[in-house]
Amino acid sequence: ADALKTLFEKKTVPNEPICLALENCLKNYDLTPRWFFRMLEARKMDILSPGWDTLSDLETYAENTASSLLYLTAEICNVDDDEFYEAAGHVGKAVGMTTLLRAIGHHCEQRVSVIPGDVLRRNLLSSYVIFKGPKSDEEFEKFTKCVFEICCKAKEHLDMAQVKS
């Protein structure tokens with residue numbers, strides 16, 4: 001966060017590849033600092049307290065990470081359209097959520113559940129089953145329902161984005 005603040009204050013940045021690349025980018029484009037700080041804060045919270053209590057928390061994480069990248073991309077392309085940004089927010093949520101699902105195996109190895117607690121409770125599944133892998137047809141069905149619920153929420157966001165575009 002300190003290096004990022006230094007970049008936006010146009011002070012001398014650390015001689016690190018990422019800082020130098022961002023400095024070069026900021027010289028060429030007028031990018032909103034808020035999107036960078038939102039991503040950084042979301043990632044920090046993910047490291048300090050991995051997992052989500054609710055599906056809404058997962059959506060917020062996806063928006064703060066994936067949607068923020070889309071907002072920055074739009075700024076680089078000089079897009080100034082509120083409907084585009086609203087659609088990008090929904091697409092980012094869908095992308096962020098499905099990206100986490102794609103990495104479910106990796107997260108399980110780290111003993112981190114990408115399936116929010118409220119989704120697990122609704123489907124009567126414990127995170128322990130996710131970490132060890134479903135061992136029975138019943139566990140597999142519950143796990144599948146959890147993943148399906150998240151996929152349905154991601155699809156809702158894609159549908160909302162399509163309406164906005």
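General remarks:
- Using a Förster distance of 30 Å, the FRET efficiency for residue 102-residue 132 (Cβ separation, nearest 0.05): 0.90
- Residue-averaged [θ]222 nm for the chain, counting only DSSP H segments that reach four residues, each worth -39500 (n - 2.57): -22500 deg cm²/dmol
- Gain on full stretching of the segment that runs from residue 121 to residue 80 - 0.36 nm per residue minus C-alpha separation: 10.6 nm
- In the chain, taking the dipole from charged Cβ atoms about the Cα centre, the farthest positive-side position among 37, 90, 106 is held by 106.
- In terms of its C-alpha gyration tensor, the stretch 1-89 comes out oblate, because a/c is 1.5 or above while a/b does not outweigh b/c.
- Under the shape rule built on the C-alpha gyration tensor, where the axes satisfy a ≥ b ≥ c, the chain is oblate, since a/c reaches at least 1.5 while a/b does not exceed b/c.
- Rounded accessible area of residue 27 (nearest 10 Å², 1.4 Å probe): 150 Å²
- Karplus-based coupling profile of the stretch 60-72, in residue order and whole Hz: 5, 4, 4, 5, 5, 9, 5, 5, 4, 5, 5, 5, 5, with θ = phi - 60° in 6.51 cos²θ - 1.76 cosθ + 1.60 and x standing for Gly or Pro.
- Largest accessible area first, the residues 90, 157 order themselves as 90, 157 under a 1.4 Å probe with ligands, DNA and RNA left out.
- Cα-projected label distance for residue 15 with residue 111, points at 7 Å along beta-carbon direction, nm: 4.2 nm
- Whole-Å distance, taken between Cα centres, linking the stretch 1-25 and the stretch 125-165: 39 Å
- Theoretical FRET efficiency, 1/(1+(r/R0)^6), r = Cβ-Cβ of residue 5 and residue 141, R0 41 Å, to 0.05: 0.25
- Here the accessible area of the stretch 27-136 is 53 percent carbon and sulfur, with a 1.4 angstrom probe and all protein chains present.
- Remark: the stretch 1-138 carries 61 Å² of accessible area per residue (probe radius 1.4 Å; ligands, DNA and RNA excluded).
The values are calculated or read from the model by the stated rules, or taken from the named source; none is laboratory data. Since the model is a prediction, treat every value here as computed from it, not as a measurement. Glycine gets a Cβ as well: all are built from the backbone with ideal geometry, and neighbour counts include every protein chain shown. Accessible surface areas use protein heavy atoms only, side chains included; no ligands, DNA or RNA. Shrake-Rupley method; radii C 1.70, N 1.55, O 1.52, S 1.80 Å.
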